[in-house]
Amino acid sequence: MDTVTEIIATVGSILAFMIVFLGAAKWFSSRTQRAERRRQYAEQQAHLAEAERVIIHKEKVALADNGHLAKQLELARESEQVHPKEAVYWFEKAALQDSRDGIEGIVRVCESTSEDVVPQDKYRYWRNALDALNGDEQAEYEQGIALFEGFGIRSNMDKGLQLIEHAASRRCVRAQMFLADWYKSPENPLADAEKAKMWRSMSEHVDFNEHSK
């Protein structure tokens, strides 16, 4: 009787152990499966987020390439710390639309990195453009000359002359002398002797006043 009882107890213990073991194994398996499903879901969400980011970036680039000023500046600022050359590319796109933020961005990137992100003549052009915006008529004259001649920027004679004339009207003697020579130049299809005389007179008057102080 004792032997039978012991056998029954042993079998019961074994069955109980097996039930516990199988239950634990099932629980661990279920837990592993849930963790794998979570991992797969997180991975899927990451892929979807990356795909959406790429789409948004492409749309932003397309708008920026078509002249959207805000997107150009946004792309430039996103690249400024890591990809300075790309930042300058987009800042210049904005600067060519007469954006002060674009001009400041180019100068800031050029002056804050050890890389030669743009040629020196291009940097000087945008540095003069920024100084001109801040009221420096000499810088405005230098910017106008660069634009007129195509130094560091694509030549635009009409806009260059506008800047030079604006600087001349603000008592920049070099601008006045340039205009005096330009308006009597045989290379100027719009040569005007009266304008040449006017600018020459203004330059001499300003120069005389400067020396008499």
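The values are calculated or read from the model by the stated rules, or taken from the named source; none is laboratory data. Remember, predicted model here, so these are calculated numbers, not experimental data. Quick reminder, even Gly has a Cβ in these numbers, built from the backbone with ideal geometry, and neighbours come from all protein chains shown. Just so you know, the surface numbers come from the protein's heavy atoms only, side chains and all, with ligands and any DNA or RNA stripped out. Shrake-Rupley method; radii C 1.70, N 1.55, O 1.52, S 1.80 Å.
Residues considered: E187, E204, E165. Of these, the only one that is at pLDDT below 95 and within 30 Å of P119 (Cα to Cα) is E187. Of all residues in the stretch 79-101, those that are closer than 16 Å to V61 by Cβ and open to solvent by 90 Å² or more (accessible area, probe 1.4 Å) have Cβ atoms under 9 Å from Cβ atoms of residues that are of a type in the set (A, V, I, L, M) and modelled with pLDDT of 95 or more, 6 or more apart or on another chain, in K85/V109; Y89/L75; Y89/A76. Scanning the stretch 151-178 for residues that are over 18 Å from I106 (Cβ atoms), small (G, A, S) and assigned to a loop (DSSP other than H, G, I, E, B) yields one hit, S155. Contact map, the stretch 36-65: first residue free of Cβ contacts under 8 Å to residues at least 60 places away in the same chain, second residue aliphatic (A, V, I, L, M) and surrounded by 10 or more Cβ atoms within 10 Å (Cβ to Cβ), Cβ cut-off under 8 Å, separation 6 or more or different chains; pairs are K60/L75; V61/L75; A64/L75.
Please tell me if A132 is aliphatic (A, V, I, L, M), open to solvent by less than 60 Å² (accessible area, probe 1.4 Å) and either in contact with a Lys or Arg (Cβ under 9 Å, 6 or more places away or on another chain) or under 21 Å from E204 (Cβ atoms) (or both). In short, no. Scanning the stretch 105-128 for residues that are within 11 Å of the chain's Cα centre (by Cα) and open to solvent by 60 Å² or more (accessible area, probe 1.4 Å) returns a single hit, R108. Of all residues in the stretch 115-132, none satisfies being touching a residue at least 12 places away in the same chain (Cβ under 8 Å), of a type in the set (V, I, T) and not in a loop (DSSP other than H, G, I, E, B).
Name every residue in the stretch 167-202 that is within 16 Å of N128 (Cα to Cα) and either crowded, with 17+ Cβ neighbours inside 10 Å or touching a Ser or Thr at 6+ places or on another chain (Cβ under 8 Å) (or both), in order of residue number. The answer is A167, A168, C172, A175. Right, L96: at pLDDT 80 or above and more than 26 Å from G160 (Cα to Cα) or not? The answer is no for L96.
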